[in-house]
Every structure is written in C-alpha cells, then in structure tokens.
Amino acid sequence: MIPLGDDNSSRRTIPVITWLLVITNLFVFLLELAGGDSFIALWSFNPARFSQDPVGNFITIFTSMFVHAGWMHLLGNMLYLIIFGDNVEDRFGHLRFLVFYLICGFIAMLAQYIVAPYLSIPTMGASGAIAGVLGAYLVLYPRRKVRVLVVAWIVKLPALVVIGSWILVQLLNGLGSINSMADSAGGVAYMAHIGGFAGGFLLSYLFRGKAPELPPYYY
C-alpha cells in the first residue's frame, strides 16, 4: 500500500516544521550529490566508528537523518512525512513537533546501534524519525481515513489499518534480519524503524497535550 493523502479538514495550522524538514532533506541531498561518497561517510551514522569514538561521532546521530541513499529513498520518506507529519505537528505545536521528530530519530538510531554496534557501513535516512511520526499519528488519529494505492486502485482505509500493516511488516522483517545485521551487507534498517515507531508511539502521550475543542457541528 502506498499512501497518497489523508483528511486535513480539521487541521488548524500551517505545517511549517514539516515543510522545513522536507526542504532541508532536499537541500542536504543536493549537497550529497555534489559531495559524493566522502559526504556520506562524513555525515552518516557509522556504528563501528561511533563505538570507537562516541563523543566525536555523536553529531552524526542527527546529521544522518538528513542523508539518503538515493532519490527513491528520499522521495519515499518525504511522502510519508508530508502526509502524516502535518497533522501531528498541528496537534503538538511547531517547536514541540521538531523536538519530538529529533528525539524519535535519536531513538531509532540507538535501536539500530544496539543490534549491530560494530557494523561498518553507514546508516542514514529520515525513516526512523518518520516512523516516530507514524507512531504518534496512530495514537492521535487511528480512525482517520487515509487514501492509499493498492495495486491499481485508490481506496480509503483507517490509519489503524495502513500504519498497523506497515509496522507489522517492519516487525516481521526486523526479526527475520537480526542474524544478518552484524555483517557487512547493506539493507533496510528495520530496527531503526521499529525503535522510532515505538518511541513516537509512547512519546505522543507526553507531547499531545489537550485535545482541541471542536465546534458543535463537527462530526
């Protein structure tokens, strides 16, 4: 299922931070294209390098959230961020959403690191932080309809089904790939997705605050 959009009729604010994150990711990717492999090596999170010098490489936990493996990796992440991030930002507030996003990304990288602390290939991408956004969206709007592309049809499904099926896939693949995470083969950082989602799910109860009052005609 590929998400295409959701219901924004109750959104009260302009998702400034969501769009700033998208623009920042695009800008960094252009720098990455210009800098090549040396740029990726410098700013991505390398577990083995971090194990050797945690203090010197601490910043890469955050910079790696803006580095991507290619156009498809970048565009896929930005699609999810645009669709689900705006409503979470609307509920949390701009600054709280930014803090929430960065914390989720940190938790995601930590989860991946715990599983494979001596992996020598770079870990990168906004997927872990965006997984946290999905976790929060599931808590805040479980029944909200999401338009998704299923094979050749566009259908509306509850967020509980769309996001629930996504995290189920991550769990199944994550458990199946644990034994191979310590080798030098690249792939999807499933544990980062799982860690980010779990962090976002739990943190949403702290960040969500009081639900906004809706007018009496809202159904």
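The number of residues in region 1-32 being of a type in the set (Val, Ile, Thr), open to solvent by less than 80 Å² (accessible area, probe 1.4 Å) and touching a residue at least 60 places away in the same chain (Cβ under 8 Å) comes to 5. Of the helices (runs of 4 or more DSSP H) contained entirely in region 33-107, those carrying at least 1 residues that are within 13 Å of the chain's Cα centre (by Cα) and in contact (Cβ under 8 Å) with a residue 12 or more places away in the chain fall at 60-63, 71-92. Taken over region 4-32, residues that are outside any helix (DSSP H, G or I) and either more than 18 Å from Ile83 (Cβ to Cβ) or touching a Lys or Arg at 6+ places or on another chain (Cβ under 7 Å) (or both) amount to 4.
Residue by residue, here is whether (1) at pLDDT 95 or above; (2) open to solvent by less than 20 Å² (accessible area, probe 1.4 Å) holds:
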position	(1), (2)
Ala136	yes, yes
Val150	no, no
Ala198	yes, no
Phe201	yes, no
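Residues that are open to solvent by 70 Å² or more (accessible area, probe 1.4 Å) and within 15 Å of Ile121 (Cβ to Cβ) within region 53-71 comprise just one, Ala69. Of the listed requirements (1) modelled with pLDDT of 95 or more; (2) open to solvent by 30 Å² or more (accessible area, probe 1.4 Å); (3) farther than 24 Å from Tyr137 by Cα, Ser38 misses just one: (1).
The values are calculated or read from the model by the stated rules, or taken from the named source; none is laboratory data. This structure is a prediction, so every number in the text was calculated from the model and none was measured. Positions of Cβ are generated from backbone atoms using ideal geometry, with glycine treated the same way; all protein chains shown enter the neighbour counts. When the accessible area is computed, the model is the full protein with side chains, heavy atoms only, and any ligands, DNA or RNA have been set aside. Shrake-Rupley method; radii C 1.70, N 1.55, O 1.52, S 1.80 Å.
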